[in-house]
1. Determine the alpha carbon to alpha carbon distance for each of A:203/D:81; B:227/D:203; A:227/B:203; A:203/B:227 and list only those over 23 Å.
2. With the label 7 angstrom out along Cα to Cβ, how close does residue B:118 come to the same site in each of the other copies, in nm, nearest first?
3. Put a label point 7 Å from Cα along the Cβ direction on residue D:52, then list its distances to the equivalent points in the other copies in nm, shortest first.
4. Whose amide H sits under 5 Å from the amide H of residue A:188, counting only residues 5 or more places off or on another chain, with H placed in the peptide plane?
5. Pop out the ³J(HN,Hα) list for the stretch A:152-160 in order, Karplus 6.51 cos²θ - 1.76 cosθ + 1.60 with θ = phi - 60°, rounded to Hz; leave Gly and Pro as x.
6. What is the stretch A:93-245 by shape, rounded, prolate or oblate, if you read a ≥ b ≥ c off the alpha carbon gyration tensor as root eigenvalues and call it rounded for a/c under 1.5, prolate for a/b larger than b/c, and oblate otherwise?
7. Compute the relative contact order of chain B as a whole-number percentage, counting only Cα pairs closer than 8 Å that sit 6 or more residues apart in sequence.
8. Hey, what number do you get for the protein assembly as shown at 222 nm if only DSSP H runs of n ≥ 4 count, each worth -39500 (n - 2.57), divided across all residues, to the nearest 500?
There are 4 protein chains.
Amino acid sequence: MIPYGTLVVYVTPRGRRYVKRLVAGQDWHSNEGILYAADVAQADFGAVVHTHQGVPVQVLEATLHDRLKGLKRQTQIIYPKDIAYICLRLGAGPGRTVVEAGCGSGGLTTALSWFCGPTGHVVSHEVREEFLHLARHNLEWAGVGGNVELHHRDIAEGFCVTNADALFLDVRTPWEYLEQGLAAVRPGAMFGFLLPTVDQVGKLLLGLERGPFAAIEVCEILLRRWKPVADRLRPEDRMTAHTGFLIFCRQQEHSAAFDAHQPKGTRERKQDAARMARLAQENGPVQDCNAEGEEA
Amino acid sequence: MIPYGTLVVYVTPRGRRYVKRLVAGQDWHSNEGILYAADVAQADFGAVVHTHQGVPVQVLEATLHDRLKGLKRQTQIIYPKDIAYICLRLGAGPGRTVVEAGCGSGGLTTALSWFCGPTGHVVSHEVREEFLHLARHNLEWAGVGGNVELHHRDIAEGFCVTNADALFLDVRTPWEYLEQGLAAVRPGAMFGFLLPTVDQVGKLLLGLERGPFAAIEVCEILLRRWKPVADRLRPEDRMTAHTGFLIFCRQQEHSAAFDAHQPKGTRERKQDAARMARLAQENGPVQDCNAEGEEA
Amino acid sequence: MIPYGTLVVYVTPRGRRYVKRLVAGQDWHSNEGILYAADVAQADFGAVVHTHQGVPVQVLEATLHDRLKGLKRQTQIIYPKDIAYICLRLGAGPGRTVVEAGCGSGGLTTALSWFCGPTGHVVSHEVREEFLHLARHNLEWAGVGGNVELHHRDIAEGFCVTNADALFLDVRTPWEYLEQGLAAVRPGAMFGFLLPTVDQVGKLLLGLERGPFAAIEVCEILLRRWKPVADRLRPEDRMTAHTGFLIFCRQQEHSAAFDAHQPKGTRERKQDAARMARLAQENGPVQDCNAEGEEA
Amino acid sequence: MIPYGTLVVYVTPRGRRYVKRLVAGQDWHSNEGILYAADVAQADFGAVVHTHQGVPVQVLEATLHDRLKGLKRQTQIIYPKDIAYICLRLGAGPGRTVVEAGCGSGGLTTALSWFCGPTGHVVSHEVREEFLHLARHNLEWAGVGGNVELHHRDIAEGFCVTNADALFLDVRTPWEYLEQGLAAVRPGAMFGFLLPTVDQVGKLLLGLERGPFAAIEVCEILLRRWKPVADRLRPEDRMTAHTGFLIFCRQQEHSAAFDAHQPKGTRERKQDAARMARLAQENGPVQDCNAEGEEA
């Protein structure tokens, strides 16, 4: 039994795939004939249901990837390759609270909602109303969003949350919102950013150097597809060469917190802060105490 | 208050980071002095605690990424960049059941356990006992694994689960276990594979072409780090150039299920199956019915 | 003075560029008016000449790159990024003799002809007559080829040259022509190959392992373009992800030449040959005796 | 007969390769015994000569690639992958004159010298005397340089040549020397630049936008090696991820040359220049009039 409201994928005998919502009374009129919603609802995932013309159609559950790819977009959407790595680096998962701005078309929001689940929390901010509507539409369409707060808000005025576990900014000038971001998360929280140009990356790095941030990383992720043909195996001719630079860092005290307990002169303190920032950068994100492997 | 048993990261004023478990009575003897476990336990994440020499140390929660990088490894571990994409493509998440073999050092197992959470389920199989012990050790060390079954088992004899949502094989000859895999999952389940050489990819593709699989994709993911220095921004000199090829596909009926309802001659059926497989490949993984964007 | 017969580039005030041959009496009828051949012939490279409508047009010499990009193609042409590396690895240059098959559309032939110059020699073979005609047309069009021999020939019957400095094969099954190739070059010659699929690369490697070859290298070259805009600097969205695998090796005696002077039993000799091939592979192409730098 | 003074590669039965100069009376003392220079001089390239212990050694000519890799370096050397593409884009070849600064260790100089040959000309400038000495040493070592002028000179004071065909700058602040560069080349000449950081690329682009330059391209070239083993074919684990950004452009009149013949107001002229620069950028480097293929 597939509940009404579920997002399903219909696979025709010719291998075509259609992502559709199963709605009571809304039959699917395809080139292969009419597929009755009532018939689909009585089947199980993976089953074959027939159109009124007798054409067999397999009914699959829409995967997370199907949902991400099916989102309506008016903005540049974050690619699944980037979304996946962002979710891992931010530690999205059951019980976690992740903040983001802007939500854009809601691509990352969808994945965060999926991974955080009913016990987690996603707090999303978007200043442009049309994107907010689009993101809401997309979350509903994707069958997620029960754990998502969508705020119509300029984050210059602050985020609508405190003590979050992680924060992601997909905005043009993220360096302008670092203070607001710090106020939204708990100490030690992970920060993530997506930026298309190196000029922006440079400006963000300058901003991060001034703040209580460490373990700063900049990377780009490339996904190269291969033609899946056994005896002519080779990469695809063309690929997406750039989506954006990913920047990750962690809220980390430099000198302020230390000063309370270890009074020093202003000059020493500044040197300390600079030294710590520099060392943190040189040392990379973490000294691995349990294993000896090379960094991934 | 940080509970005993928690995995924490100690950050020294020089920016060094140490991933440690907080255990009652087990103080951390560092170059900066002794950090008393009792002091740490009374602090909150992000707080600064002092060693007996007065050196301030910030106490952070270990992120998922910290945990993955800290795993002890005797096998080649799957890299976070690959783990992230695998988890997204398999749709790991709360309430989901994911099967895998072999578990190796438990890197993917750790991430699957994290994303699936208490309401999800990870069923892992490993034929070599020493890896099983290592994976168990690593899951415990990483503070996850409550939702993981670890089976000491040769998957040639079948998996210890049925009706799973997705399956991942990180074994040398995955094409030998496709039937067992199909028996372990529900119809329409996602399959994932990691293979280091193109020869293996070719053999797997031949195996998948014979079975009820569609939407076959082969890709590789490259992570390129940049030096996070604002005014000298440039990629790192060296990078990891290869970890493995990722192969994804989905259980999908070709002809068998169709035959029951749409009797045809053997020859026609074979042609159908071949045509469907070919079309599925040409058409790519999904026809996007809600949006017009280019595939990620 | 620009001689008639020269390949020139006309640049219009709107920045459009047209690669044209300057032929006596053949004026260029453009959207910007008629540019008289006689006017161009009296100018120097870089000068501005006016159309009959008074529109200024700058006249540039066609670069090697302009010529490569302007070739007519009926086959997949080798890309400049690959051509450049092939020419360097084969040591094309004044006074050198390079053999190739097939010539296809003549892309590599054009560059080899350019680099080897009047004192060098390019001996090209092509089994399909229509490609031979195309290559000849393209060489003439590009204003090179004076040092090129084009042979209409199946290389299964041998190459039309001996003692060449280097050989390049851009054919479907290069492993079938290794003996013929060896007969065409001098001892120690460089060999190069371009192959689109990994299956072919594997077969070629098997062939090379049987023959007197060493310093075998397989690589791929990726060219990633960036948008040349100062304040929005970023990679292009898409790129060519695959053109072909390049394989290089060098004729090098394994055991045969050694046997004459150092008689051994058959078994020992085979072991020697295998060991040498293996060591050569492990040791890489060259032990650098003059410098300490890392390999490029 | 191999002339004394030649750079040769000795290949031992164990597959080790040593690049050495053959000098009269200077025998090679290897682990395999003494190889007498007189014996080598009487052999031909590719022949096997024996050490005094009877160990056979094959004698090969050093390839251009061997020479580039064998250069002594005190500076970051340009990689062969970049050198190859630079030489092609600048149109190095017999009869051509190419200018460069700084020469650094002489890597690019060596290749330019090789490709331009006795009828060509390489004019190299270097402000630091120790690099000049090193480059001279390396050119001699590599057996090239007969067509090279090495100038100890600060290019701020201008280049020692006019009317060159192409110019390459491998200096920290190339945007400061564009005027001097323009004075050194003929109209329409190709310019090339190598820069390690994106910040420098941005500054150079700003400089180029102000000058008579068009067809501006920025790219990076990646070379990914594969393990040359037939049945375990796979990319190498690690690769060089960054050497530098390559920038190419061409001297091209914007408005100055046009003004003489087509008088306009200052404002119109500025608009023209800006429009041309913009269009040139949008239109890419060349409109291909002979062929229809996609750009490489």
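1. Pairs exceeding 23 Å: A:203/D:81.
2. The answer, with the shortest distance listed first, is 1.2, 8.6, 8.7 nm.
3. 6.8, 8.5, 10.0
4. Answer set, sorted by chain and number: A:251.
5. 7, 7, 8, 5, 4, 8, x, 8, 8
6. oblate
7. Relative contact order of chain B: 12 percent.
8. Only helices count here, giving -9000 deg cm²/dmol.
The values are calculated or read from the model by the stated rules, or taken from the named source; none is laboratory data. In this text, all values refer to a predicted model and were calculated from it rather than measured experimentally. When we count neighbours, we look across all protein chains shown, and the Cβ atoms used for this are built from the backbone with ideal geometry, even at glycine. SASA here: full protein model, heavy atoms, side chains in, ligands and nucleic acids out. Shrake-Rupley method; radii C 1.70, N 1.55, O 1.52, S 1.80 Å.
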